[in-house]
Amino acid sequence: MRLLLVEDDVMVASGIKLGLCDAGYAVDWVGSAERALEAVQGEAFDAAIVDIGLPRMDGLALTAALRAAGRTLPVLVLTARDALHDRVQGLDMGADDYMVKPFELPELLARLRALLRRSQAATSAVLSFGPVEMDTAHRHVRVAGQLLELGPREWTVLEYLLLQAPKPAAKDKMLQALTGWDKEITPNAVEVYISRLRGKLEGSGVVLRAIRGFGYRLELDEPSADPPDAQPEPASLSAPVPASAPVPPSAPAPPPWSATAAATVAELGAPARVKATGTSRSHEGP
């Protein structure tokens with residue numbers, strides 16, 4: 001997430017910026033309302049932290065100017081004024097939250113997380129999509145209950161994707177969320193971190209889809225509901241006989257004397273058969 005810090009006190013601004021950067025935010029610092037208005041003209045910020053006591057145009061006037069220009073980014077006002085009237089005036093002029101100096105850094109971070117959730121229509125400090133859960137308060141990510149180690153910029157990219165899910169996240173917005181004015185990175189850096197996240201989420205049931213010409217989107221990688229193709233049964237070696245086909249009658253068994261007759265014929269030979277035939281004719285007579 002990229003933040004705009006508007007604070008004219010250098011020491012206070014340095015301390016706040018250091019704490020925010022350690023929490024994983026990209027922070028740009030300006031010392032006047034005029035420079036803040038110039039910054040939001042050409043850059044996209046996820047939230048602004050504005051001190052009321054600025055020179056020339058104060059923080060309340062800056063907040064009103066942002067709202068008049070149609071800027072909807074969340075504004076957290078910092079002030080040393082503790083009167084009820086000042087707090088009410090700040091909220092009425094467009095501020096989303098109000099903190100009185102001095103304050104503790106953990107409270108500032110908690111209020112900032114709440115502002116960012118509301119701006120993204122999130123209702124909990126835990127951002128989730130499928131088995132992926134990001135606890136923005138305790139700074140850890142779990143996938144199906146298992147801790148997932150992420151670098152600071154991998155965290156930023158995944159947080160932005162989770163805030164947008166299931167809608168796609170714009171690549172140029174992710175690039176701006178990754179860096180401030182003092183750190184230059186190329187557009188290819190987003191692709192590098194997307195590639196690393198894909199590797200770390202592989203097999204989790206969540207995939208990163210590229211939206212051509214726009215950015216990226218988290219999707220659930222659900223298995224196909226179609227059953228696997230049935231394997232054909234191997235063909236039988238012999239064709240089955242249809243139930244309606246007639247069964248051919250079996251040949252009758254030979255009579256028991258056929259073997260003896262065949263043996264006798266084999267012993268007598270063919271001439272004997274001829275002789276027997278002639279002898280038979282001689283007995284008939286004229």
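At a probe radius of 1.4 angstrom, the accessible area of the range 82-177 per residue rounds to 52 square angstrom.
Please identify the GluC sites (Glu not before Pro) of the range 1-58 that satisfy two criteria: DSSP loop assignment and at most 13 other Cβ atoms within 10 Å. Which are they? Sites meeting the loop and neighbour criteria: 43.
Could you look at the range 10-87 and say what percent of its accessible area is carbon and sulfur, using a 1.4 Å probe and all protein chains? So the carbon and sulfur contribution to the accessible surface is 57 percent. Projecting the Cα positions of 138, 168, 125 onto the charge dipole of the range 125-171 (unit charges on Cβ atoms of Lys, Arg, Asp and Glu, taken about the Cα centre) puts 168 furthest along the positive direction. With R₀ set to 45 Å, the beta-carbon distance separating residue 202 from residue 41 gives a calculated FRET efficiency near 0.65. A Förster radius of 25 Å, combined with the Cβ-Cβ distance separating residue 220 from residue 149, puts the computed FRET efficiency at roughly 0.65.
Taking 0.36 nm per residue of separation and subtracting the current Cα-Cα distance, fully stretching the chain between residue 135 and residue 212 would add 24.7 nm.
Each 5 Å bin from zero up to the one holding the largest Cα-Cα distance in the range 125-212 carries the following percent of pairs: 3, 13, 27, 27, 18, 9, 2, 0. What pairs from 167/200; 17/173; 101/171 go past 29 Å between their alpha carbons? Violating the 29 Å limit, Cα to Cα: 101/171.
The values are calculated or read from the model by the stated rules, or taken from the named source; none is laboratory data. In this text, all values refer to a predicted model and were calculated from it rather than measured experimentally. Virtual Cβ from ideal backbone geometry, glycine too; neighbours counted across all protein chains shown. The accessibility values were calculated without ligands, DNA or RNA, using every heavy atom of the protein model including side chains. Shrake-Rupley method; radii C 1.70, N 1.55, O 1.52, S 1.80 Å.
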